[in-house]
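> Have a look at this one.
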Amino acid sequence: MKNDDVIENKNDYDCEEEEDDDDEIEKAHLLNVLKSFQGYGLMQLRQVAKWEESYTHIAPDILNVLGTSLDDHIQKLKFATGMNQQFLDFLIYPHLPKSTSEPERVIPTEWNGGKVRSTLLQFMREWSKEGESERNQSFPLIFKAIDEYLPLSLQDTVNDIHSSSSLTDSSKQDEGTYRPKILVPGAGLGRLCFDLAMRGYSVEGNEFSYFMLIGSNAVLNRMICAFSEDATDYEKKQDAGISEDQVGWKNWTIYPFIHNAANQVSWENMLRTVAIPDVHCTKFPDNWSLSMIAGEFLQVYLPQPESFDGIVTHFFIDTANNITEYIRCIYSTLKKGGYWINYGPLLYHYTDIDGELSVELPLGEVLKVAKYFGFEMLSHSTHSSTYCADHNSLMSTRYTSHFLVFRRPK
Ligand SMILES: C[S@@+](CC[C@H](N)C(=O)[O-])C[C@H]1O[C@@H](n2cnc3c(N)ncnc32)[C@H](O)[C@@H]1O
């Protein structure tokens, strides 16, 4: 994900007039993102029309061989587009300016249209059963490291960390127990944060993309598990007179693979659905603690030294303009004795973007920089991984992800 969706941080500005300008820019940016969600259907129908037109070039005898499957496929694609659009409309509903009239839908820019398509795929990765195998490439490793280095009970390790900093209320379970505070920068749609919080940690996600923030807000607050038998929460909302279509408490069936006709093994594969979400996000255990902070990582956390027991960067460190500044910030944001757990490749996100700084260091150099700041490396292993992949596709991209655990010395 790239950075046209940066939310500017107002802390840098002390002039009121500039703050107003900044607010205006931010509002315009949010509106642009909302419009992009609304314009998805038009964009996708244009693509479907292009495919439909291309089929008219198939010779009649070959069309006979293919029978009605082409027409059928086109009709199903149009239906799937409509279903995706309904889902996207649901996501953005609470953020729209109040109006009773139908929105004026316009085709988004290429860039924003790509972001909307990625958001649908990201939902598949983070919040569907189909995405579980991809999540399982890394989540168990992260949970194991967290359990080992930042156990939930008050043990020596955690005690040591807190001897230098005071416990916050949200992290204090009761007398004698402590829930480590974990930061997940670049949280995407929030699934890793959610799973960590379900394990009992006090979790803060950070994200700067409105596409992701709008999505995580909806799934964490307004959706019920697609596989749950009782829909009590949904019924409660209905009793309260809140319309299902408008504010939610639903689950959804989306079509995340309809955007790409290349490397498909069958029409059915392109049209397969995923159910969202695969867990009940609205039923939280006692002492649940999960928050999502909007803003650019460096701007939000450089001013918050020694605030977290653990930082988990998951497919994140390569989103930096300057990875060395991310490492500086991770180091300073950790409490003394805290842990940095990283999983992912080095797919530097700004590499092809004109006018953007992109400091691209190989892994060995990244490790040297971490050591320079003072990190002690506790473990390092490599793992083959995919990201938002269609596992039935005829093409696959695999990353060699590096799983690293560091400690900031006491
Ligand atoms: C590759 S995605 C990873 C998402 C999620 N962690 C996962 O593993 O599925 C990187 C995420 O970081 C966010 N991001 C990139 N740069 C950021 C920054 N400087 N501050 C906050 N979020 C950022 C992007 O919007 C995107 O959601």
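The values are calculated or read from the model by the stated rules, or taken from the named source; none is laboratory data. Predicted, not measured: the structure shown is a model, and the values here were computed from it. Cβ atoms come from the backbone with ideal geometry, glycine included; neighbour counts cover every protein chain shown. The accessibility values were calculated without ligands, DNA or RNA, using every heavy atom of the protein model including side chains. Shrake-Rupley method; radii C 1.70, N 1.55, O 1.52, S 1.80 Å.
> If a residue has to be touching a strand residue (DSSP E or B) at 6+ places or on another chain (Cβ under 7 Å) and of a type in the set (Lys, Arg) to count, how many in the stretch 315-347 make the cut?
1
> Out of everything in the stretch 265-277 that is in contact with a helix residue (DSSP H, G or I) (Cβ under 6 Å, 6 or more places away or on another chain) and not β-branched (Val, Ile, Thr), what residue ends up being nearest to the ligand (Cβ to nearest atom)?
Looking only at the stretch 265-277, we keep the residues that are in contact with a helix residue (DSSP H, G or I) (Cβ under 6 Å, 6 or more places away or on another chain), and these are 267, 271, 274, 276-277.
Keeping just the survivors that are not β-branched (Val, Ile, Thr) gives 267, 271, 277.
Numbers: Trp267: 29, Leu271: 24, Pro277: 15 Å.
Filtering first and then ranking leaves Pro277.
> Okay, moving on. Here is a list of conditions, (1) touching a Ser or Thr at 6+ places or on another chain (Cβ under 9 Å); (2) open to solvent by 40 Å² or more (accessible area, probe 1.4 Å), and Val405 meets all of them except one; can you say which number that is?
(2)
> Turning to a different aspect of this structure: Kindly establish whether Gly215 is modelled with pLDDT of 95 or more, within 16 Å of the ligand (Cβ to nearest atom) and assigned to a loop (DSSP other than H, G, I, E, B).
Numbers: modelled with pLDDT of 95 or more: yes; within 16 Å of the ligand (Cβ to nearest atom): yes; assigned to a loop (DSSP other than H, G, I, E, B): no.
No.
> When the stretch 348-386 is examined, which residues are found to be in contact with a strand residue (DSSP E or B) (Cβ under 7 Å, 6 or more places away or on another chain) and over 12 Å from Phe406 (Cα atoms)?
Listed by number, the residues that qualify are Leu357, Val359, Leu363, Ser381, Thr382, His383, Ser384, Ser385.
> Asn322 versus (1) under 22 Å from Ile182 (Cα atoms); (2) out of contact with any Phe, Trp or Tyr (no Cβ under 6 Å at 6 or more places or on another chain); (3) within 12 Å of the ligand (Cβ to nearest atom): which is the lone unmet condition?
All conditions are met except number (1).
> So, in the stretch 337-357, of the ones that are touching a residue at least 12 places away in the same chain (Cβ under 8 Å) and of a type in the set (Gly, Ala, Ser), which residue ends up nearest to Leu192 (Cα to Cα)? Steps first, answer last, please.
If we filter the stretch 337-357 for residues that are touching a residue at least 12 places away in the same chain (Cβ under 8 Å), which is where we start, we get 337-350, 353, 356-357.
From what's left, of a type in the set (Gly, Ala, Ser): 337-338, 344.
On the way: Gly337: 23, Gly338: 19, Gly344: 14 Å.
Looking at residues that are touching a residue at least 12 places away in the same chain (Cβ under 8 Å) and of a type in the set (Gly, Ala, Ser), I get Gly344.
> Among the candidates Asp72, Asp12, single out the residue that is within 16 Å of the ligand (Cβ to nearest atom), at pLDDT below 95, more than 25 Å from the chain's Cα centre (by Cα) and open to solvent by 60 Å² or more (accessible area, probe 1.4 Å). Explain how you work it out, then say what you get.
On the way: Asp72 fails: within 16 Å of the ligand (Cβ to nearest atom).
So the residue among Asp72, Asp12 that is within 16 Å of the ligand (Cβ to nearest atom), at pLDDT below 95, more than 25 Å from the chain's Cα centre (by Cα) and open to solvent by 60 Å² or more (accessible area, probe 1.4 Å) is Asp12.
> Something else: In the stretch 102-116, is there at least one residue being within 14 Å of the ligand (Cβ to nearest atom), open to solvent by 60 Å² or more (accessible area, probe 1.4 Å) and in contact (Cβ under 8 Å) with a residue 60 or more places away in the chain? Spell out the reasoning first.
Residues of the stretch 102-116 that are within 14 Å of the ligand (Cβ to nearest atom), as a first pass: 111-112, 114-116.
Filter once more, so that each one left must be open to solvent by 60 Å² or more (accessible area, probe 1.4 Å): 111.
Next cut, in contact (Cβ under 8 Å) with a residue 60 or more places away in the chain only: 111.
Yes, the conditions are met somewhere in the stretch 102-116.
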